[in-house]
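Input: a single structure, listed below in structure tokens.
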Amino acid sequence: MAHVTPPKLPTILVLGTGFVGSYLGVHLSSRPDLCVTHLVARKAFSDDIRLHGSLCARSQSSPLIRIPASDLHLHDSVAEFTRAVGSCDFVFVTVKRQAALRAYAELTAAGLIKKGVTVVPLMNGVRAGDEATDALPGCTVVEAMWPFNVIQDEDHVFVQASAGKVHLSDSSEGIRLAEIVSATGIDTITAHDISAVLYGKLLINLHNANSALMGLKLQEELASPIARAAWAGCLTEALRQLPNFLFMPIAHRFFSVDPRATSSMYEDLKRNRTTEIDYLQGEIVRLSNASGTSAPLCERILALVRQAEAKKEGLPNLTDEILDALELL
């Protein structure tokens, strides 16, 4: 009988090991029969994994996944990955949006951007795909929407804290990747109109700044009349800029929320990091300026977040300021 060579498994690089990148990296690494997964992480992160002995994640519907440190392919930089491995088929870029161009420059400098490589920007905002396409000529870009929150619990486990399906654009590469990611336990589908999905996510994410400025976890935010009013006001201003927008039915992500769940911006301000406010309320302000209208509540929230970023004093607890901002409507 003739020997049949098994098909080559795709090599997947996850660039960025924050909450989402780590959660994704664990799931991909759990299926070495489907793909070969490599993670580019800060040295401190890799050292922490080796100290604890493993990298772990848990979804809302599945048991704990634990990947021993010895089974992980960890790299301190894109350049080090290239020297060790050479190339890859897919790259998930899971850094913060403001760090995306730097990540793309690293990929380009390492020689990874070429025909046959697919890059997936997994980050907030509606124009991340366009940004990646402009920065990475010569490769394929698959736009993506990550729907649910991920937290890290006291046992260093990355935990799915709300619900939703990952959406990828329905190109041939997106369809292939959706099959792989779904098989790892992360429910993933493709969408013909990924732009509509991304704008739907943008509208949902307009609540992030309120939770961060008021120092509220997601369930606390949903229970707060002030926070709900502020979110409703931001939605009203946003929908004025998107009159023909078909609101995507992804708000169900809030129907199953872990009490520990926080928004990404809450975590950023808590840790004195730069937020993605420019790609959330800032996007609505940009659209309103372009159309000659105004979005005073979004402008005020944008300013409050920037002030909190500059002070670097953690969560600012600006409930009174949010209440005052509602008078702008």
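So, Gly215, is that one in contact with a Leu (Cβ under 7 Å, 6 or more places away or on another chain) and on the phi > 0 side of the Ramachandran plot or not? Judged against the criteria, Gly215 is a match.
Scanning the stretch 102-145 for residues that are of a type in the set (Val, Ile, Thr) and open to solvent by less than 40 Å² (accessible area, probe 1.4 Å) yields Ile113, Val117, Thr118, Val119, Val120, Val126, Val141, Val142. Applying the condition of being of a type in the set (A, V, I, L, M, F, W, C) and surrounded by fewer than 19 Cβ atoms within 10 Å (Cβ to Cβ) to the stretch 57-101 and asking which residue is nearest to Gly18 (Cα to Cα) yields Ala99. Against the numbered list (1) more than 19 Å from Leu15 (Cβ to Cβ); (2) buried (at least 19 other Cβ atoms within 10 Å of the Cβ), Leu34 comes up short only at (2).
Checking Val166, Val159 one by one, the residue that is within 15 Å of Pro121 (Cα to Cα) and open to solvent by less than 60 Å² (accessible area, probe 1.4 Å) is Val166 and no other. The residue that is farthest from Ala227 (Cα to Cα), counting only those in the stretch 300-329 that are modelled with pLDDT under 95 and of a type in the set (Asp, Glu), is Glu327. Pairs linking a residue in the stretch 30-58 that is more than 17 Å from Ala79 (Cβ to Cβ) and of a type in the set (Gly, Ala, Ser) to a residue that is assigned to a strand (DSSP E or B) and open to solvent by less than 50 Å² (accessible area, probe 1.4 Å), with Cβ atoms under 8 Å and 6 or more positions apart or on different chains, are Ser30/Ile65; Ser30/Ile67; Ser54/Ile67; Ala57/Ile65; Ala57/Val157; Ala57/Phe158; Ala57/Val159; Ala57/Gln160.
All conditions in (1) assigned to a strand (DSSP E or B); (2) polar (S, T, N, Q); (3) more than 20 Å from the chain's Cα centre (by Cα) hold for Thr37, with the sole exception of (3).
Residue count for the stretch 93-118 satisfying the condition of being under 21 Å from the mean Cα position of the chain (by Cα) and in a loop (DSSP other than H, G, I, E, B): 4. Is it the case that some residue within the stretch 5-14 is modelled with pLDDT under 95, over 25 Å from Val142 (Cα atoms) and open to solvent by 20 Å² or more (accessible area, probe 1.4 Å)? Within the stretch 5-14 (the criterion being modelled with pLDDT under 95, over 25 Å from Val142 (Cα atoms) and open to solvent by 20 Å² or more (accessible area, probe 1.4 Å)), the answer is yes, since at least one residue qualifies.
The values are calculated or read from the model by the stated rules, or taken from the named source; none is laboratory data. Just so you know, these numbers come straight off a predicted model, no measurement behind them. Positions of Cβ are generated from backbone atoms using ideal geometry, with glycine treated the same way; all protein chains shown enter the neighbour counts. These area figures cover heavy atoms from the full protein model, side chains too; ligands, DNA and RNA do not enter into them. Shrake-Rupley method; radii C 1.70, N 1.55, O 1.52, S 1.80 Å.
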